[in-house]
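The values are calculated or read from the model by the stated rules, or taken from the named source; none is laboratory data. All of these numbers come straight from a predicted model, not from anything done at the bench. When we count neighbours, we look across all protein chains shown, and the Cβ atoms used for this are built from the backbone with ideal geometry, even at glycine. Note: areas computed on protein heavy atoms with side chains; ligands, DNA, RNA excluded. Shrake-Rupley method; radii C 1.70, N 1.55, O 1.52, S 1.80 Å.
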Amino acid sequence: MQSSISLSLSSPSTICRSDSSAAVSNANVNLLNPRSLRFCGLRREAFGLNSSLSTHRIQLLSNATRRPRSNRIVASSAGNGAASKSFDYDLVIIGAGVGGHGAALHAVEKGLKTAIIEGDVVGGTCVNRGCVPSKALLAVSGRMRELQNEHHMKSFGLQVAAAGYDRQGVADHANNLASKIRSNLTNSMKSLGVDILTGFGTVLGPQKVKYGDTVITAKDIIIATGSVPLVPKGIEVDGKTVITSDHALKLEFVPQWIAIVGSGYIGLEFSDVYTALGSEVTFVEALDQLMPGFDPEIGKLAQRVLINPRKIDYHTGVFASKITPAKDGKPVTIELIDAKTKELKDTLEVDAALIATGRAPFTQGLGLENINVQTQRGFVPVDSRMRVIDASGELVPHLYCIGDANGKMMLAHAASAQGISVVEQVTGKDHVLNHLSIPAACFTHPEISMVGLTEPQAREKAEKEGFEIGIAKTSFKANTKALAENEGEGLAKLIYRPDSGEILGVHIFGMHAADLIHEASNAIALGTRIQDIKYAVHAHPTLSEVIDELFKAAKVKANTSSPVAEPVAA
C-alpha cells in the first residue's frame, strides 16, 4: 500500500486502527498482556513497550537440529501453541500488514501455532506507505499552519518569527517513524511466538501454502495481501513528476504547483500537506462535487474551511484522460475530458501530478485458480464471516480473506478487526463484524471523521424500510475547550431513529474529530441506544462534550432503555 510487489500489503490509511475454546496458559496471558494499546490496528508492542518479554525472545534454531532456511525466522515456542499433528501450523497468514499482524497476535493469544508469510516488509501499506508516514507529514503540516497563522497566534498573545522547514528533515521524520514501527512490529511478533516466513505466498490447494521453495500445511489460512495504488489508463507514472501516494510520502521535492487527481481521503490529506509547505494545488475530480464520499453537509463545511481559503482550485465533473510526465524542460500535461460527454474540456500544465484515485486489491499470483476462486474486479469474494467463496458459489473450507483484498472496507483497522473476527471463528466462537460500526477519519486540519450511514444513505434506508430519521447537530463554537484553543470551527452531526433511539450515523468536522468519533462507533457496535448514552458523564471542559451535547440534542420517542447495572461503591 513496485515492480516486485509484496503479498504483505494491506490497507491505508489511515488512519488508524483499527476488528473460544482454545486458550493460552494463565502464565503466558499475564506475561504477554496482549490486550494493550493499539495504534492504527497495531498493539503496544509496536512502540517497543513490551519490555517484560525477555523470556520470549527469538530463538534461532541451530543448524544441528534443523536444516537451514534463510527465508524462515522461527520464533520461540513459548506463547505459540503446538499445531495439530496433521498440520505444520494451526493458522498461516499470507501478508504481514495491519490485518495480518492483528490476526497473528490474536491467534497467539488464543493458543494457535501461527505463521505469517511476508513477501516484502513487515507492516504492509499502513506502516510503510500509508497511515504511519502520512501522519508524520500531517503532523508537520499542522504545526506549519499554526505557526504561519499570524492572526491565530496573536489571539493567544504570542509573537512568532516567520516559520520555515527543511524538506529533507520532514522526509526523514516520516521515514524514521515508519522504520521504527516496522522494526518494533517485527520484534513483537517474534517475541510473541509468531513464525515469520519470508517469500511470496501462494495457495497450492486446500490447507496448503507455498512460499519460496517451501510448502507448508495449515488447518486454516488467511489471505491478507492488501492493495496497491490504483492508476487509471492513460496516466504515465514516472515516480518523479507524476506520482502515487507511495512516492509522495518520500517527499523528494515540494512542487510549486501540483495537480491532485481525486478528492477523497488521500487527495485531501496531501492537499493539506502540500499547501502547508507552500505548494499551490489543483484538484481534478470526476464526480460533480468535491469529497463525494463524505456526508454532503460535512463536505460543504469542509470545503469552506479546507479548500476555499487555501491556494487550491478545482475542476469537477472531469476525467484526467491522459497525463504525461515532465521531460525536456516541459511541464506535466493533463488532458481533461468531460465526464459525461467524454469531449476534451481543458489541458493543464503543472509541475507535478499526484494520482489519488484510490487503491486496487493486490491478489494476483495468489494461486486462487488452484482452489477454483475467481476475483471480482480484483477482489476476493467472501461472505460476512470473511470465508472465501469459489466460482461455484460454494465456501472454500478453511480459507479466509481479510482487509483491502476483499474490498469490504479498505481501512487498516477494518482489516485488523476482520482478522480478529476470523480468529474468533476458527477457535470456536461465531463472530460477525458489523462494518457499519467501523469509523473512518481524514487527518486534515481540522479533521473529518465518520461512522455509519450518511444522511442520503439513511434516508434511502428509511424509505425502503418505512421509518423516519432524525437529525441532531452541535457546533464546536459552543464548546469551552475548542474556544480555549481558538478552534471553534466545527460541526458534529447525528443521524438516528426517533422511534427506537438507534444510531444510524455520526459525522464530525473539527478539532480532534478522529478521536471523538469512537464514542459513537462503540455505541453502534454495542447496540447502545441514544436514550442510554445521553446519560453518560463527560469531563468538563473537554472536546468530548461536543458528543455529549449531540446525543442530548436528539429527540427520542422511545422510553425503553437497557438494564442498568447495580452501582459499585467507591
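If I filter the stretch 465-483 for residues that are hydrophobic (A, V, I, L, M, F, W, C), open to solvent by 10 Å² or more (accessible area, probe 1.4 Å) and farther than 29 Å from residue 304 by Cβ, do I get at least one hit?
There is at least one residue in the stretch 465-483 that is hydrophobic (A, V, I, L, M, F, W, C), open to solvent by 10 Å² or more (accessible area, probe 1.4 Å) and farther than 29 Å from residue 304 by Cβ.
Among the listed residues 462, 482, 472, 536, which satisfies the condition of being more than 27 Å from the chain's Cα centre (by Cα) and over 30 Å from residue 421 (Cβ atoms)?
Answer to the selection: 472.
Are any residues in the stretch 511-532 open to solvent by 20 Å² or more (accessible area, probe 1.4 Å) and either among the β-branched types (Val, Ile, Thr) or part of a loop (DSSP other than H, G, I, E, B) (or both), and if so, which ones?
Of everything in the stretch 511-532, those that are open to solvent by 20 Å² or more (accessible area, probe 1.4 Å) and either among the β-branched types (Val, Ile, Thr) or part of a loop (DSSP other than H, G, I, E, B) (or both) turn out to be 511, 512, 524, 527, 528, 529.
Condition first: of a type outside the set (Phe, Trp, Tyr), assigned to a helix (DSSP H, G or I) and surrounded by 20 or more Cβ atoms within 10 Å (Cβ to Cβ). Can you find one or more residues in the stretch 311-331 that meet it?
no
Exactly one of (1) within 19 Å of residue 443 (Cβ to Cβ); (2) open to solvent by 20 Å² or more (accessible area, probe 1.4 Å) is unmet by residue 546. Its number?
All conditions are met except number (2).
If you go through the stretch 422-439, how many residues are surrounded by fewer than 24 Cβ atoms within 10 Å (Cβ to Cβ) and not in a loop (DSSP other than H, G, I, E, B)?
Residues flagged as surrounded by fewer than 24 Cβ atoms within 10 Å (Cβ to Cβ) and not in a loop (DSSP other than H, G, I, E, B) within the stretch 422-439 amount to 6.
So, residue 508, is that one open to solvent by 30 Å² or more (accessible area, probe 1.4 Å), among the hydrophobic types (A, V, I, L, M, F, W, C) and in a strand (DSSP E or B) or not?
Answer is no for this residue.
What single numbered condition from (1) part of a helix (DSSP H, G or I); (2) open to solvent by 10 Å² or more (accessible area, probe 1.4 Å) fails to hold for residue 414?
Answer for residue 414: the failing condition is (2).
Please work out if residue 455 is at pLDDT 95 or above and under 23 Å from residue 302 (Cβ atoms).
It is true that residue 455 is at pLDDT 95 or above and under 23 Å from residue 302 (Cβ atoms).
Just to verify a result, which residue in the stretch 447-464, among those that are small (Gly, Ala, Ser) and under 15 Å from residue 521 (Cβ atoms), is most open to solvent (accessible area, probe 1.4 Å)?
452
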